[in-house]
Amino acid sequence: MLAMLMRQPDQQNNMGSTQRRQQQQQQSQPPPSSSGQPQRRQMGPGQHEIETTRLSILGNPAAMAQVREQRPALAEAINDSNRFREVWMEMIREDQDRERERMEQMRLLNEDPFNVEAQAKIEEMIRQEQVQNNLQFAYEHNPEVFGRVTMLYIPVEVNRHPVKAFVDSGAQTTIMSPSCAESCNIMRLIDKRYSGVAKGVGTAQILGRVHSADIRIGAASMACSFTVMEGKDVDLLLGLDMLKRFQALIDLKQNKLVFGDGNEVSFLGESEIPKMLEERLEHEPTVMGPDGTEVGARSGTVKHHAGEGSSAAAANGSASFQGAGRTLGNGGGSGSNAAAASHSGGGGAAGAAPSSSTAGGARPAHSKENIDQLMALGFAREQAIAALDACDGNVEYAAGLLFQG
């Protein structure tokens, strides 16, 4: 329901150029010398729609919470009908100004259809819009693809020492870390003639190979060889050599690793698996997603830092810059401590007031080239700076943020 309510500025903006010109003419006309009754009749329907929206948000706690998180300035004015109408109309004006700038930029770019640079900019604008539309579609219709999938671990014993083994059918050989080899008391069996350097995404030092050691999986004991390698985040990795040799079947329906002789072992639950990989993913780079979320660049996991940052800021009594160009502060702050995100298209390119973005500290300086590059796409200077602030100066992420929705 909130999506429908918050899209009313767009619907009002898309009613047609004729109605938009009529509204601008009505606003530009001087007040009549008489009692002013005709002007009130002209502005009445728009005010009624805005007031209906305000009352609808007030009567919907979920919508109110979402407005408070995504549009703090609008939430602060929710109890004042006049102030709410002013903020709402300001959002519409910003959207109209940005749309006019974008159309003007497109007109200038299309004036010379044989200009290679202009056509390249148009192509990039179309590409960014398609990328954001694809992200929004996946976010709404396939949200499960943004969840984090836990890896497959099983409990094993190597030389009577319990180890949590990572099952990886994409690895060619079974790999063990030096610390695990030391704990299992098989470090003395390493054949250093098999040492070397493994090259892939990175490089890792291979200390050697243990040709045979006992490993117990489920109810069976097996002989296994291990390549001892540094630089791995897991103690023991069961590769394809081990799985194929003993005809192992990864049964995801039953959540078990099944061997050909009927021996089977259940995969460990999420609370039991080692946390090294999860800790590494916590520090992965992110890209901006819909509704102020952040999406992991490597794992594709959605991280809802916007709500966490808002609650933390409320607890500390200070503003913090979060999400798609919005400043979230404590609930009792003034209107200058919360920036209204401007509405664009179907979901919104975000623009924050410059005074709000500096509330938590000095705003980083961005190069004129990066700002001009975003302004060339049809956005205002303040929007370009706010997007660069939100994306730590990354021009590509900032452009995607501005085209979001």
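Laboratory data are not the source of any read-out in this text; all were calculated from the coordinates shown. Keep in mind that this is a model prediction, so the values were computed, not measured. Cβ: placed from backbone, ideal geometry, glycine included. Neighbour counts: every protein chain shown.
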Taking 0.36 nm per residue of separation and subtracting the Cα-Cα distance, what length does fully extending Ala204 through Glu51 add?
48.7 nm
Assuming R0 = 60 Å, can you tell me the calculated FRET efficiency for the pair His141 and Asp214, based on Cβ-Cβ distance, to the nearest 0.05?
0.75
Could you pull out the pairs from Lys164/Lys192; Lys192/Lys244; Lys199/Lys253; Lys121/Lys199; Lys121/Lys368 whose alpha carbons sit more than 28 Å apart here?
Lys199/Lys253; Lys121/Lys199
At R0 = 45 Å the Cβ-Cβ FRET efficiency linking Ala223 and Asn133, nearest 0.05, sits at 0.25
Full extension from Met64 to Arg100: what is 0.36 nm times the residue separation minus their Cα-Cα distance, to one decimal in nm?
9.9 nm
Of Ala220, Ala198, Pro162, which is farthest towards the positive pole of the stretch 153-272's charge dipole, taken about the Cα centre with +1 and -1 on the beta-carbons of Lys, Arg and Asp, Glu respectively?
Ala198
Extended-chain gain in nm, criterion 0.36 nm per residue less alpha-carbon gap, Tyr194 and Val116
22.6 nm
Just how large is the dipole of the stretch 153-272 about the Cα centre, in debye to the nearest 20, putting +1 at every Lys and Arg Cβ and -1 at every Asp and Glu Cβ?
380
Cα-based Rg of the stretch 153-272 normalised by 2.2 N^0.38 Å, two decimals
1.03
Considering every Cα-Cα pair within the stretch 211-252, what fraction, in whole percent, is farther apart than 14 Å?
55
Dipole of the stretch 43-194, positive end: most advanced residue of Ile50, Thr174, Ala63 [Cβ charges, Cα centre]
Thr174
Rounded to the nearest 0.05, what FRET efficiency do Asp80 and Val258 give with R0 = 41 Å and r taken as the Cβ-Cβ distance? Could you check?
0.05
So, with +1 on the Cβ of K and R and -1 on the Cβ of D and E, and no other charges, what is the size of the charge dipole of the stretch 46-118 about its Cα centre, to the nearest 20 debye?
380
